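Only one structure is covered here, and it is reproduced in the block below.
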Amino acid sequence: MEKKLGTYSLVASIATSIVIVLLFYILAASKVSINPQMYKPIDIYAGMVYVFVLSMIVSASIWPGIIEKKLKG
Amino acid sequence: MDDVIIKIRGMMCGHCEKTVTEAAKSVKGVTKASSDFNKGEAKVSFDSSITTLETIKKAIIDAGYEVMEEDETCPLLLKPAIIEPRAKVVDKVGGIKKNSIKITGMTCASCAQNIEKALNKIDGVIKASVNFSFEKAVVEYDSSKVSTADLENAITSLGYGVAKSEVTLKVGLMHCASCALNIETALKKTPGIKSVNVSFPLERAKIAYDPEFISVQDIIKVIESVGYTASEKLEKSDADREQRAREEEIKRQKINLIIALVLAIPISLGDMGRNLGWTFVPDFLKNDYLLFVLATIVMLFPGRQFFEGTYKGLKHGVTDMNLLIATGTGAAYLVSVAATFLDLGEAYKHTYYDTAALLIMFIVLGRYLEALTKGKTSEAIRKLMGLAAKTARIMVNGEEKEILVENVKINDIVIVRPGEKIPVDGKVIDGLTAVDESMITGESIPVEKAVGAEVIGATMNKTGMIKFTATKVGSDTALAQIIKLVEDAQTQKAPIQKLADIVAGHFILAVHVLALLTFFFWFFVGFEKFNVPSTFGMGMVSPFLFSLLISITVLIISCPCAVGLATPIAIMVGTGKGAQNGILIKGGEVLEKAQKLDTIVFDKTGTLTRGEPALTDVIAVKGSENEVLKLAAIAEKGSEHPLGEAILKGAKSRGIDVPDAESFKAIPGRGVEVKYGGNRVLIGTRKLMTENGMDVTPLIGKLEELEYNGKTAMLVAENNKIAGIVAAADTLKENSREAVAELHKMGFSVAMITGDNKRTAEAIAKQVGIDRVLSEVLPEDKAAQIKKLQAEGQKVAMVGDGINDAPALTQSDVGIAIGSGTDVAIESAQIVLIKNDVRDVEKAIRLSKLTLRKIKQNLFWAFFYNSVGIPIAMGILYPFTNPPYLINPALAAAAMAASSVTVTMNTLFMKRIKLQE
């Protein structure tokens, strides 16, 4: 149960973080295309790393509780 | 020959026992009689051919006592077992145990929450409560399902430490390193030993053990059994251990602070000097590589604790304060490293080493100050622990021997010289002295102790040498009980803390969500909309770096510590202050209940009154008052009856010389007859006088008036002529009137509950200034009376001292037991006043109000700080101020450190406030 919870939580957290990072990427890429003077590709890549770290922290705090409830039925 | 047990009501003392026994023996045919006032019975052997049981009973009734029918039970609740104590029993039947575990390594309230959650998840744990400021977990668990080791493992697996009981022993007769190994092997095999480290060159053995399983004496025996000697060093007390741990923490944070401070100054000068073009800063300080090296040292040494804490937490899926700091400083550092070593374009030339270094410096400063102030909050309990004597001098085979206080056993004869501490609780068997009990009771005047008096361990013997029998040792002593009570109280949570716990529990997550949203907002919207490239005063900046700075500031400024600390720290200081003043408050819940009180009900006997009679009136019919009193005192000099003692004391206090009588004869149920100077002196009841042919009719009115007012009136006669009347009554304690007046001033309605008749009760209530009297209340009805008051919508505090008060103490909203009270009363009460002073009721209520006020103030400041600080850190003022305002991350770190220090300092002000106005 503990192992399952850990695995499911990790997968869910990574998946959530990737979704958020993708969302960031799409929005940032559109910004770069609209205003290339202000937004550079390096902003997108650095931003993606930071967003991933914060998203992982947030989702890793939320998912275990939800999954534990689901597993317990 | 018949043997019977006669149940008797009304016996109050040894004198009554004697009277009943003599009354029974006075019946012809009674061969043996004895009585026991504690049991309320007399055992009589009689010859049924000479007398009957009824005759014996009549003799006892004539002596002034009531004989109960066989099936009749005493209305007094004599057995404590009947009463259900409010406090939880430590060891319950069925394997339910309560254990407290000292935890190390917690850095904020979230840590406490994490541990609490983990413990509560364990199968077999009924309830776990973790107090951050007290660094302690109290766990109620089913010992058949879970062991102490499991609980400790759960804590250590989360990355926190468990402080164990440790002892360092001096080991003798070791010849080589293998001797040390032998001892280690022997001890490791012994149940209850957690770890052993024996040093041959130092001749020391450091042992961590579980005191539930093994004592220090048993450890010594194990070492001796393998052929070595061992003795205890005096450094194992809890107080010493805690003090050492705290000093180590202070030292560690001090070193961290010095390193951070020394490096942060050149880093800030160099980084800011370069970015802002400060010419006074030497060029070498502006070098990126030098700044990188200096900042890396800061991150590796003072900053390491945050990353280690984050790693340990994340490994076990928990987040705490360290994560916020690690994310913030880590991001600033990594961005700067990237700018130093990579060419990322013009906007990325800026480094933020100063931000990372200053953040760590301010947070370490906060932790250092917190370690200093946290030590002060638990000062009270440490002082109490430090009160215990280290050694005791006992008599062994007629010789004095000095031993460790832990080794004193019950019934040991202990000798204490003037100026020495009394090591354990006991009863004086020889000597006379004055003892300073102020450390336990708060009473500054030394108390005289003669043979038969009880002495309390940890108090100071002042004037004479005494010998006493040890009655309570180890964890049973009054001091140990007080420490336990205060510790338990400090670990309990107040209902008001629930809100703080909910907030603190989700705080870290909420702050990260806010930091993420802030980053998104400034990256996609704010940066362009508020034209940051031209309005930001720090030169060229990229959208990422700008948004990152604001996001980091949000992480850094948030302070769950202040929220988490607000309540427990105030309870800790409040209960500690109470303990130092002789007021024991059993937990945070009581503090809140005490705020809502509007009625204080006092038990009369022993609480408002002294519980022992004193001379109140002397009326002379013949001669002067002093002459009448002298006659009465001479007659009562040989008497052991409390009324006799009251008369004798009264005469002595008036400076009357009381010579011995020539003969003394007690007349059971009537009074006393003595011969003095050839005269026959009688003192006693109306019946005694009429039986001796005297007419008492002219004095009936006066006698009735005295009795009306609750006094016991006795007639005094000389040579068959009435000389006068003396009266005695239970008198008010000297502070009762003042206590009631103070409570009135505070707006409380004050009531008195008593079994006395209405008129007597009202007379006493009038003297003391009480507005409501609950009279003629049987002991078992006291709780019902309290319930009745509560049904009227009143919030009631009951103040009492006896076993019979226990149900009422339990029924009341706040039960207050006064120190001279019985164990059951103390257990049933939520506030215990160690001193026998009713004025402490008002002090206890004041202290409760003060503590709750501090809790509210702390919570207000903690929430206020976060709710103002976080929006400003998010850049809410940027669009509305000119030039645009943003909090610097370093300033945010300073503010964050200041917030928890402010809460602690605000609480510490409580220590200066006097409880009495």
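The values are calculated or read from the model by the stated rules, or taken from the named source; none is laboratory data. What you are looking at is a predicted structure, and each value in this text was computed from that prediction instead of being measured. Note that we place each Cβ from the backbone using ideal geometry, even for glycine, and neighbour counts take in every protein chain shown.
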Candidates B:A723, B:A728, B:A751, B:A717 - the one that is farther than 19 Å from B:E645 by Cβ and within 44 Å of the chain's Cα centre (by Cα): B:A751
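For the structure I just gave you, tell me whether B:A895 is under 27 Å from B:Y368 (Cβ atoms), touching a residue at least 12 places away in the same chain (Cβ under 8 Å) and touching a Cys at 6+ places or on another chain (Cβ under 9 Å). Lay out the reasoning, then the answer.
Working: under 27 Å from B:Y368 (Cβ atoms): yes; touching a residue at least 12 places away in the same chain (Cβ under 8 Å): yes; touching a Cys at 6+ places or on another chain (Cβ under 9 Å): yes.
Taking the combined requirement at face value, the residue satisfies it.
Yes/no per residue for (1) outside any helix (DSSP H, G or I); (2) at pLDDT below 85; (3) away from every other protein chain (no Cβ under 14 Å); (4) surrounded by fewer than 19 Cβ atoms within 10 Å (Cβ to Cβ):
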{"site": "B:L290", "(1), (2), (3), (4)": "no, no, yes, yes"}
{"site": "B:V293", "(1), (2), (3), (4)": "no, no, yes, yes"}
{"site": "B:T296", "(1), (2), (3), (4)": "no, no, yes, yes"}
{"site": "B:V318", "(1), (2), (3), (4)": "yes, yes, no, no"}
{"site": "B:H350", "(1), (2), (3), (4)": "yes, yes, no, no"}
{"site": "B:D354", "(1), (2), (3), (4)": "no, no, yes, no"}
{"site": "B:I360", "(1), (2), (3), (4)": "no, no, yes, no"}
{"site": "B:K374", "(1), (2), (3), (4)": "no, yes, yes, no"}
{"site": "B:L384", "(1), (2), (3), (4)": "no, yes, yes, no"}
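Has segment B:557-575 got any residue that is more than 30 Å from B:V868 (Cβ to Cβ) and out of contact with any Lys or Arg (no Cβ under 7 Å at 6 or more places or on another chain)?
The initial filter retains those residues of segment B:557-575 that are more than 30 Å from B:V868 (Cβ to Cβ), namely B:575.
Within this subset, residues satisfying the condition of being out of contact with any Lys or Arg (no Cβ under 7 Å at 6 or more places or on another chain) are B:575.
So far as segment B:557-575 goes, yes, one or more of its residues are more than 30 Å from B:V868 (Cβ to Cβ) and out of contact with any Lys or Arg (no Cβ under 7 Å at 6 or more places or on another chain).
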Only residues that are aliphatic (A, V, I, L, M) and at pLDDT 90 or above: list them for segment A:43-57, please. A:I44, A:A46, A:M48, A:V49, A:V51, A:V53, A:L54, A:M56
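With surrounded by fewer than 24 Cβ atoms within 10 Å (Cβ to Cβ) and either more than 24 Å from the chain's Cα centre (by Cα) or within 11 Å of chain A (Cβ to nearest Cβ) (or both) as the only criterion, which of B:E528, B:E589 stands out? Full working, then the answer.
Working: B:E589 fails: either more than 24 Å from the chain's Cα centre (by Cα) or within 11 Å of chain A (Cβ to nearest Cβ) (or both).
Selected residue: B:E528, the only one of B:E528, B:E589 that is surrounded by fewer than 24 Cβ atoms within 10 Å (Cβ to Cβ) and either more than 24 Å from the chain's Cα centre (by Cα) or within 11 Å of chain A (Cβ to nearest Cβ) (or both).
Got at least one residue in segment B:229-248 being assigned to a helix (DSSP H, G or I), modelled with pLDDT of 75 or more and over 30 Å from B:E370 (Cα atoms)? Outline the logic, then answer.
Keep residues of segment B:229-248 that are assigned to a helix (DSSP H, G or I), which gives B:238-248.
Next cut, modelled with pLDDT of 75 or more only: B:247-248.
With over 30 Å from B:E370 (Cα atoms) added as a condition, the list becomes none.
Within segment B:229-248, none of the residues are assigned to a helix (DSSP H, G or I), modelled with pLDDT of 75 or more and over 30 Å from B:E370 (Cα atoms).
Table: residues versus (1) touching a Ser or Thr at 6+ places or on another chain (Cβ under 6 Å); (2) in a loop (DSSP other than H, G, I, E, B).
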{"position": "B:T810", "(1), (2)": "yes, no"}
{"position": "B:A817", "(1), (2)": "no, no"}
{"position": "B:I826", "(1), (2)": "no, no"}
{"position": "B:D837", "(1), (2)": "no, yes"}
{"position": "B:R846", "(1), (2)": "no, no"}
{"position": "B:S867", "(1), (2)": "no, no"}
{"position": "B:P884", "(1), (2)": "yes, yes"}
{"position": "B:L891", "(1), (2)": "no, no"}
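Residue under question is B:G457, and the condition is that it be surrounded by 20 or more Cβ atoms within 10 Å (Cβ to Cβ), touching a strand residue (DSSP E or B) at 6+ places or on another chain (Cβ under 7 Å) and in a loop (DSSP other than H, G, I, E, B); does it hold? Walk me through how you get there before you give the answer.
On the way: surrounded by 20 or more Cβ atoms within 10 Å (Cβ to Cβ): yes; touching a strand residue (DSSP E or B) at 6+ places or on another chain (Cβ under 7 Å): yes; in a loop (DSSP other than H, G, I, E, B): yes.
So B:G457 passes the test.
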Any chance you could count how many residues in segment B:667-689 are assigned to a helix (DSSP H, G or I) and either buried (at least 17 other Cβ atoms within 10 Å of the Cβ) or modelled with pLDDT of 90 or more (or both)? 3
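Among the candidates B:V146, B:V67, B:V138, single out the residue that is more than 24 Å from B:I508 (Cα to Cα) and at pLDDT below 80. Quick ask: steps written out before the conclusion?
Working: B:V146 fails: at pLDDT below 80; B:V138 fails: at pLDDT below 80.
Exactly one residue qualifies, and that residue is B:V67.
Listed here are the residues, each with its yes/no results for (1) surrounded by fewer than 24 Cβ atoms within 10 Å (Cβ to Cβ); (2) modelled with pLDDT under 85; (3) within 13 Å of chain A (Cβ to nearest Cβ).
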position: B:Q481; (1), (2), (3): yes, yes, no
position: B:L485; (1), (2), (3): yes, yes, no
position: B:K493; (1), (2), (3): yes, yes, no
position: B:K498; (1), (2), (3): yes, yes, no
position: B:H512; (1), (2), (3): no, no, yes
position: B:P560; (1), (2), (3): no, yes, no
position: B:L565; (1), (2), (3): no, yes, no
position: B:I569; (1), (2), (3): no, yes, no
position: B:Q580; (1), (2), (3): yes, yes, no
Could you figure out which of (1) surrounded by 15 or more Cβ atoms within 10 Å (Cβ to Cβ); (2) modelled with pLDDT under 85; (3) within 14 Å of chain A (Cβ to nearest Cβ); (4) in contact with a Gly (Cβ under 7 Å, 6 or more places away or on another chain) isn't true of B:L344? (4)
Residues of segment A:22-40 being within 11 Å of chain B (Cβ to nearest Cβ) and in contact (Cβ under 8 Å) with a residue 12 or more places away in the chain, which ones? A:F24, A:A28, A:V32
Check whether at least one residue in segment A:3-19 is closer than 15 Å to B:F523 by Cα and either of a type in the set (A, V, I, L, M, F, W, C) or more than 10 Å from chain B (Cβ to nearest Cβ) (or both), and report yes or no. no
Have a look at B:V451, B:V473 and point out the one that is at pLDDT 80 or above, among the aliphatic types (A, V, I, L, M) and surrounded by 19 or more Cβ atoms within 10 Å (Cβ to Cβ). B:V473
Pull up segment B:743-780, narrow it to residues that are in a helix (DSSP H, G or I) and acidic (D, E), then point me to the one that is surrounded by the most Cβ atoms within 10 Å (Cβ to Cβ). B:E762
For segment B:875-886, indicate whether the set of residues that are at pLDDT 90 or above and under 27 Å from B:A500 (Cβ atoms) is non-empty. yes
